[in-house]
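Shown next, in structure tokens, is the structure this report addresses.
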Amino acid sequence: MTNALHVSAPEGVPFIDFSRELDFPVAEVFRAHRDPELIVQWLGPRGLKMEIDHYDFTTGGSYKYTHTGPDGVAYDFSGIFHTVRENEFAIQTFEFSGYPDVVSIESQTFEDLGDGRTRLTAHAVYPSMEARDGMAASGMEEGLGEGYDRLEELLGTLSEKTPQEAS
């Protein structure tokens, strides 16, 4: 891992922000967020198996997936992609079955830093401080960190392949 994940939960507001720089072009980072075959290879902590029910990373699309731990415990996630602008921006809802009735609204920005580098920033808004604090205490930061480490590893593997192999 060459780039650190920065997570912030500002005091007194129901937000969580994070950012991570990646040593890969925006188009590759965006593709890894859009393509379900790539998503299953990096999203979430190590050691969890991911199964996708559906995943349509387009404006108006939706998703539903399950992470299952080595202990057999399943964690279900779902949401709607409200806005997706290729290589630029996405707004989605995010719901974890372990916290029913709590839906966050998340925005992600894919920023071209030049020289084949990208900054991914996200802003998540929760319906209450209690919900935000519960998410912050859930291991979210560790899971995000591991997921983005895995994303960098995957992108490194894909960039070693020829363009035909990477398709």
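The values are calculated or read from the model by the stated rules, or taken from the named source; none is laboratory data. This structure is a prediction, so every number in the text was calculated from the model and none was measured. With ideal geometry, Cβ positions are generated from the backbone for all residues, glycine too; neighbour counts draw on all protein chains shown.
Structure summary
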read-out: Inter-residue pairs, beta-carbon under 8 Å, first under 14 Å from Thr93 (Cβ atoms) and small (Gly, Ala, Ser) and in region 57-79, second at pLDDT 95 or above and not in a strand (DSSP E or B), 6+ apart; value: Ser62/Asp56
read-out: Sole exception among (1) closer than 15 Å to Asp17 by Cβ; (2) touching a helix residue (DSSP H, G or I) at 6+ places or on another chain (Cβ under 8 Å) for Val102, by number; value: (1)
read-out: Answer residue from region 1-30, given it is more than 15 Å from the chain's Cα centre (by Cα) and polar (S, T, N, Q) and is surrounded by the most Cβ atoms within 10 Å (Cβ to Cβ) among those; value: Asn3
read-out: Failed item in (1) more than 20 Å from Asp133 (Cα to Cα); (2) part of a loop (DSSP other than H, G, I, E, B); (3) touching a helix residue (DSSP H, G or I) at 6+ places or on another chain (Cβ under 9 Å), with Gly72 passing the rest; value: (3)
read-out: Filter pass, Val102 being aliphatic (A, V, I, L, M), modelled with pLDDT of 95 or more and surrounded by 15 or more Cβ atoms within 10 Å (Cβ to Cβ); value: no
read-out: Test set (1) over 16 Å from His33 (Cβ atoms); (2) without any contact (Cβ under 8 Å) to a residue 40 or more places away in the chain; (3) not basic (Lys, Arg) - Ala131 fails condition number; value: (2)
read-out: Among (1) under 21 Å from Thr66 (Cβ atoms); (2) in contact with a Leu (Cβ under 6 Å, 6 or more places away or on another chain), the one test that Gly134 misses; value: (2)
read-out: Complete set of residues in region 105-128 that are out of contact with any strand residue (DSSP E or B) (no Cβ under 8 Å at 6 or more places or on another chain) and either touching a residue at least 24 places away in the same chain (Cβ under 8 Å) or surrounded by 14 or more Cβ atoms within 10 Å (Cβ to Cβ) (or both); value: Gly116, Ser128
read-out: Residues located in region 22-52, provided they are without any contact (Cβ under 8 Å) to a residue 60 or more places away in the chain, under 21 Å from Arg85 (Cα atoms) and of a type outside the set (Lys, Arg); value: Asp35, Pro36, Glu37, Ile39
read-out: Within region 31-73, considering residues that are crowded, with 17+ Cβ neighbours inside 10 Å and among the charged types (D, E, K, R), the one farthest from the chain's Cα centre (by Cα); value: Arg31
read-out: Residue under evaluation Arg150, criteria (1) in contact with a strand residue (DSSP E or B) (Cβ under 9 Å, 6 or more places away or on another chain); (2) part of a helix (DSSP H, G or I), criterion not met; value: (1)
read-out: Which numbered condition Ile80 misses (of (1) surrounded by 14 or more Cβ atoms within 10 Å (Cβ to Cβ); (2) over 12 Å from the mean Cα position of the chain (by Cα); (3) under 19 Å from Pro14 (Cα atoms); (4) not polar (S, T, N, Q)); value: (3)
